[in-house]
């Protein structure tokens, strides 16, 4: 685990240094195209059930989250620049600072909001043994998550009963095989996915939405 932490710290700091010009440009674009802060902060759950503030570039209209903590289809709360940031995953860049602070890892189960974690079974809570990550298998295979939710009659129910359990299984698979080589594989798969070189998406489930 110490080696993983050193790996995370080295590459997150390197990433901030290399990507700093893009981070500044994105921040300026967000500020001049919509009212509100540059960063979006939300309480999430990481290792051992600890709460922390996750950082993202704000992709929605200011103060528009309300009680909706999932994004569904073509959500009209998303700004024009926000659509681009979400599609390219650039909205996740500020999480490099979460990694530097020791709240997250580069690779690990994507952190959920507390209301969903409270629904975990004891077996599912096993994914809280490791730090939450910027990317994981679920991020790759559920890149069309908002599209799936947009087709559901009850998006929140569909997420809890269908999508979330599948994500947890993918995360349990990661924990069983976790290591630097696995992390590097997931990082490269994520990059290839953003570039459109990985086509796999979860299209649908056999169960009724």
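The values are calculated or read from the model by the stated rules, or taken from the named source; none is laboratory data. Remember, it's a predicted structure, so these values are computed and weren't measured experimentally. Neighbour counts are summed over all protein chains in view; Cβ atoms, including those assigned to glycine, are modelled from backbone coordinates with ideal geometry.
Output the qualifying pairs, or none if there are none: Cβ atoms under 8 angstrom, residues six or more apart or on different chains, first residue in segment 176-195 and closer than 13 Å to residue 108 by Cα, second residue modelled with pLDDT of 90 or more and loosely packed, with under 14 Cβ neighbours inside 10 Å. Final answer for the pair search is 180/3. All of 174, 158, 141 fail the test of being surrounded by 14 or more Cβ atoms within 10 Å (Cβ to Cβ), farther than 22 Å from residue 131 by Cα and either under 16 Å from the mean Cα position of the chain (by Cα) or modelled with pLDDT of 90 or more (or both), apart from 158. Within segment 1-15, being over 19 Å from residue 136 (Cα atoms) and at pLDDT below 95 holds for one residue alone: 2.
Given 28, 43, which one is loosely packed, with under 14 Cβ neighbours inside 10 Å, assigned to a strand (DSSP E or B), modelled with pLDDT of 95 or more and out of contact with any helix residue (DSSP H, G or I) (no Cβ under 6 Å at 6 or more places or on another chain)?
So the residue among 28, 43 that is loosely packed, with under 14 Cβ neighbours inside 10 Å, assigned to a strand (DSSP E or B), modelled with pLDDT of 95 or more and out of contact with any helix residue (DSSP H, G or I) (no Cβ under 6 Å at 6 or more places or on another chain) is 43.
As a summary of the residue check, residue 18 satisfies the conditions (1) under 18 Å from the mean Cα position of the chain (by Cα); (2) at pLDDT 95 or above except for the one numbered (1).
From the list 148, 119, the one residue that fits, being over 21 Å from residue 56 (Cα atoms) and surrounded by fewer than 20 Cβ atoms within 10 Å (Cβ to Cβ), is 119. Here residue 134 fits the description: part of a strand (DSSP E or B) and closer than 30 Å to residue 1 by Cα. Among residues of segment 146-169 that are at negative phi and touching a residue at least 40 places away in the same chain (Cβ under 8 Å), none has a beta-carbon under 7 Å from a residue that is loosely packed, with under 14 Cβ neighbours inside 10 Å and in a helix (DSSP H, G or I) at least six positions away or on a different chain. For segment 87-102, filtered to residues that are in a helix (DSSP H, G or I) and in contact with a helix residue (DSSP H, G or I) (Cβ under 7 Å, 6 or more places away or on another chain), the residue that is nearest to residue 174 (Cα to Cα) is 99.
For (1) in contact with a helix residue (DSSP H, G or I) (Cβ under 6 Å, 6 or more places away or on another chain); (2) in a helix (DSSP H, G or I); (3) within 21 Å of residue 121 (Cβ to Cβ), each residue gets a yes or a no:
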site	(1), (2), (3)
161	no, yes, yes
164	no, yes, yes
168	yes, yes, yes
183	no, yes, no
189	yes, yes, no
193	yes, yes, no
196	no, no, no
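Scanning segment 111-131 for residues that are touching a residue at least 60 places away in the same chain (Cβ under 8 Å) and assigned to a loop (DSSP other than H, G, I, E, B) yields 111, 112, 113, 130, 131. Set side by side, the residues 34, 105, 12, 80 differ, and just one is farther than 28 Å from residue 168 by Cβ, surrounded by 13 or more Cβ atoms within 10 Å (Cβ to Cβ) and either in contact (Cβ under 8 Å) with a residue 60 or more places away in the chain or more than 14 Å from the chain's Cα centre (by Cα) (or both), which is 34.
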